[in-house]
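Everything on this sheet refers to the single structure shown next.
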Amino acid sequence: MQDQERRGILTLCLMAAFADGERSEEEREHLGQVARHLGETAGPDLLQRVLQRQVTVREATRVLTTTEARSLAYEMAVCVCDADGRLNAQERSFLREAQQALNIGEAPAATVQHEAEALMVDGLEDLPDPAGEARPTGDTPTGISAPAPGAARAEPGGAPASAAAAGGVIDSMVLKYAILNGALELLPQTIATMAIIPLQMKMVYRIGGVYGYALDRGHVKEFLGVVGVGMTSQVVENFARRLLTGFAKKVLGKTGGRVADVAAGSAFSFASTYALGHVAKQYYASGRTLGAVDLKSLFSEAMPQAQSAYPQYADQVHSQAASLDISRLLPLIRGQL
């Protein structure tokens, strides 16, 4: 894949990230970091050009001359739009424009949208929805909405008998999710990256449950954003890494060649999941007393430690990847609760 094709796909991904017009300040900051990390491949001013609408969908896609590159671009755009839940009207309009510009047929487009939505919506159907308009609006010091009334804390017996028991349960759980997400990043199929977000959400949900908090999807999304693991920005970042290492299904083929940098993507997904889990553990164990600055700081400190732990578990990550069935991603996500 040529640099101009990578640049075109990355531009479309960033446009997809802002298509709904609802990015939080935390997500916008993370997307800015991702754009800066793209360096010369995408251009240092790419994010500003997208935000100021100085580039159109047709301009971004004009450089994609092969069927494979156009198909990959559409897959990634759909996944980015679906990263934070069901598509809204603006996102549907954007994807329709992208479909036409990329000359993607109705049937292939519908298949891609169905697969992405299944992972991000159907895969999370067992996480409670926010309680409609009645959901509390009061914030904790972190800016994260409080759990539903009456569900703030379990009575003794609703959680493990001791802090040590709770900690042991969570450490084992976090490692399991980290290994699984690291393995997903080794798969060549684009859609595999989409499964990482709902698995992280379920992990946080379960950690809160160990400490007696009855969370919902809205709270978990907010927690990821405050910590610095934004849903949309994380998908964009993972896709950018795949493109820049040349590891993409539609370009390399179903048996896409492993390049040395592919391991970096796996290590990052392992580490971000591992760090997120341990920050969530500290947050809920503390009685939700940590503020947003504290959470971001804890995550920044946890990431290097998590990355240094990856070599210890790399063999397990690769073994897990070898046993994963890409056609069963949705049952896999549903089974992690």
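The values are calculated or read from the model by the stated rules, or taken from the named source; none is laboratory data. Nothing here was measured: the structure is a model prediction, and the numbers come from that model. We place every Cβ from the backbone using ideal geometry, glycine too, and count neighbours over all the protein chains shown.
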Qualifying residue in region 152-161 (condition: at positive phi, in a loop (DSSP other than H, G, I, E, B), in contact with a helix residue (DSSP H, G or I) (Cβ under 7 Å, 6 or more places away or on another chain) and at pLDDT below 85)
no
Could you check, for region 162-184, whether at least one of its residues is at pLDDT below 50 and not aromatic (Phe, Trp, Tyr)?
no
What tally of residues in region 225-271 results from selecting those that are closer than 19 Å to Ser308 by Cβ and at pLDDT 85 or above?
6
The residue from Met76, Met1 that alone is within 21 Å of Ala192 (Cα to Cα), modelled with pLDDT under 75, of a type outside the set (Lys, Arg) and in contact with a helix residue (DSSP H, G or I) (Cβ under 7 Å, 6 or more places away or on another chain) is Met1
Taking region 4-36, which residues are among the hydrophobic types (A, V, I, L, M, F, W, C) and at pLDDT 75 or above?
Ile9, Leu10, Leu12, Cys13, Leu14, Met15, Ala16, Ala17, Phe18, Ala19, Leu31
Go through region 203-224 and report how many residues are farther than 23 Å from Arg242 by Cβ and part of a helix (DSSP H, G or I).
14
Which one of the conditions (1) surrounded by 20 or more Cβ atoms within 10 Å (Cβ to Cβ); (2) at pLDDT below 95 does Tyr274 fail to meet, given that it meets all the rest?
(2)
Restricting the first residue to region 221-238 and requiring it to be assigned by TED's automatic domain parsing to the domain that holds Thr190, which pairs with a second residue that is surrounded by fewer than 24 Cβ atoms within 10 Å (Cβ to Cβ) and basic (Lys, Arg) meet a Cβ separation below 6 Å and a spacing of at least six or different chains?
Gly228/Lys296
